[in-house]
Amino acid sequence: MQRKIVVLGTGGTIAGRSDVAGANVGYTAGQIGVEQLLAAIPGLQRAAGGSLVAEQIAQIDSKDMDFDVWARLAQRCAAHLADPLVAGIVITHGTDTLEETAWLLANVLDAAKPVVLTCAMRPATALVPDGPQNLLDAVALAAEPTARGVLMVAAGVVHGAREVAKVHPLRLDAFDSGDTGPLGWVEAGQVRWAHGRAPQAAQPRHAGLLPVLGRGPWPRVEIVLSHAGSDGLLVDWLVQGGVGGIVVAATGNGTLHQALEAALARAVAAGVAVRVASRCPQGRMLDLHAAAWQDADGLSPVKARVSLMLELLSVGR
Ligand code: ASP
């Protein structure tokens, strides 16, 4: 039997269309079906080294990503990963929340095969769209026998789910892995791993949650930023509103405005889970501050929020 690469479409700029011929901005994301995207790329079947199967999971701008789409996507990934004929999965996604989806999937999928997210910064109708090459690279990566775990590829660069972040609103190479650097590259259809070998996939922390995702409401977890003039009022309002968790994007090495810190102490006393991430886009906090708050384990605030939601979900809060 022929092995398969499954391509799951969720929308994004890669499936975007503009009424203005050739425009790079001012388009509508999530317009073109995943089958149509695949059909427009010569050589895709060859890159897959087998057959390609397309499935439309959603058709949205990823700025509007929601829990239902996440649940459906994670569960369809798991179903395809369990098929022995599936060699790997590609997910077409918008760039805006790609890193959040990647981190969610890395936490719930036991991905002994590659799950590769890809995207585009220009719509499919642009004069020179970047989506087709990214999709071709993603299929090559999903078909690569040494690849495993949740990865993403854009502009020829391979990133891991934990580190990747969108760092630029317009550039074609809009993603970065900070201090750790990329995991590899896709060059003329070949995967070249940084450090000469494929990274191992980490064990998912919350694989047990997979069947229950989408069955009930997700815990409410909000992100609050520590900044000059913070007064903590937002935190008090969130607590009054019944928030389950707060991720605070702290200054530098986890420092907090004193008024915000006082409000967070009130939140903890009220039973709210608080995690501290750094608002610095690079590096990792050293655990220098007194352990009044649990730190976010080096995750960015948006990924710390995903982790905290999963944690609260697993304890039934
Ligand atoms: N707003 C778009 C999205 O995230 C941006 C993109 O895909 O580049 O779906």
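Over the range 213-317, what percent of the accessible surface lies on carbon and sulfur atoms, probe 1.4 Å?
Taking all protein chains in place, the range 213-317 shows 55 percent carbon and sulfur surface.
Lysine pairs in the chain 8 or more apart or on different chains: how many have alpha carbons under 22 angstrom apart?
The number of close lysine pairs in the chain is 4.
Quick test of the membrane-span-like rule: which DSSP H helices of the chain reach at least 20 Å along their long axis (C-alpha atoms) with mean Kyte hydropathy at least -1.0?
67-81
Would you kindly derive the ³J(HN,Hα) couplings of the range 10-26 from the backbone phi angles with the Karplus curve 6.51 cos²θ - 1.76 cosθ + 1.60 (θ = phi - 60°), listing them in order in whole Hz, with x for Gly and Pro?
10, x, x, 5, 4, 10, x, 9, 10, 7, 8, 3, x, 5, 9, 10, x
Could you run the Debye sum over the Cα atoms of the chain, one equal point scatterer each and no solvent, and tell me log10 of I(q)/I(0) at q = 0.07 Å⁻¹, two decimals?
-0.28
At a threshold of 8 angstrom on Cα-Cα distance, excluding pairs fewer than six apart, so keeping six or more, what relative contact order does the range 56-191 reach in percent?
Value for the range 56-191: 21 percent.
Once the convex hull of the alpha carbons of the range 37-129 is built, what does its volume come to per residue, in cubic angstrom?
On the way: hull volume 9.7 nm³, N = 93.
Given the Cα convex hull of the range 37-129, per-residue volume reads 104 Å³.
DSSP beta bridges in the chain, what fraction antiparallel, as a percent rounded to 5?
Approximately 30 percent, going by the DSSP bridge assignments.
Viscosity 0.692 mPa s, temperature 37 °C: what is the translational diffusion coefficient of the range 246-317 from Stokes-Einstein with a Kirkwood Rh over Cα pairs, rounded to a whole number of µm²/s?
Working: Rh = 12.4 Å.
Once the numbers are plugged in, D ends up at 265 µm²/s.
Mind giving me the nanometre distance, one decimal, between the label points for CYS280 and TRP237, set 7 Å out from Cα along Cα→Cβ?
3.0
Could you list which residues have their amide H under 5 Å from that of LEU225, counting only those 5 or more apart in sequence or on another chain, with H placed in the peptide plane?
HN-HN under 5 Å from LEU225: ALA249.
Alpha carbons only, please: Rg and Dmax for the range 196-258, in angstrom.
For the range 196-258, the Cα radius of gyration and maximum Cα-Cα distance read 17.4, 52 Å.
State in Å² the accessible area per residue of the range 125-240; use a 1.4 Å probe, count heavy atoms of protein chains only, and round to the nearest integer.
That works out to 52 Å² per residue.
Using Cα pairs closer than 8 Å and at least 6 residues apart in sequence, work out the relative contact order for the chain, in percent. Let's see the in-between values first.
Details: 710 pairs, mean separation 47.7, N = 317.
Worked out over the chain, it gives 15 percent.
By average Cβ neighbour count within 10 Å, what is the ranking of 23-29, 11-17 from highest down?
11-17, 23-29
Give me the distance between the Cα centres of the range 7-42 and the range 253-315, rounded to whole Å.
Value for the Cα centre distance between the two parts: 37 Å.
For the range 204-220, in order, what is each residue's ³J(HN,Hα) by Karplus, 6.51 cos²θ - 1.76 cosθ + 1.60 with θ = phi - 60°, in whole Hz (x at glycine and Pro)?
x, 6, 10, 4, x, 7, 3, x, 8, 4, x, 7, x, x, 7, x, 7
Scaled to the compact-protein estimate 2.2 N^0.38 Å, what is the alpha-carbon radius of gyration of the range 57-189, rounded to two decimal places?
Against the empirical 2.2 N^0.38 Å value, I get 0.97 for the range 57-189.
Once neighbouring chains are kept in place and the probe is 1.4 Å, which whole percent of the accessible area of the range 9-142 is contributed by carbon and sulfur? Write out the running numbers ahead of the final one.
Details: 2610 of 4930 Å².
Using a 1.4 Å probe with all protein chains present, the range 9-142 comes out at 53 percent carbon and sulfur.
Sorted by mean Cβ packing within 10 Å, highest first, what order do the peptides 196-202, 301-307 take?
Those peptides, ordered most packed to least, come out 301-307, 196-202.
The values are calculated or read from the model by the stated rules, or taken from the named source; none is laboratory data. All of these numbers come straight from a predicted model, not from anything done at the bench. With ideal geometry, Cβ positions are generated from the backbone for all residues, glycine too; neighbour counts draw on all protein chains shown. When the accessible area is computed, the model is the full protein with side chains, heavy atoms only, and any ligands, DNA or RNA have been set aside. Shrake-Rupley method; radii C 1.70, N 1.55, O 1.52, S 1.80 Å.
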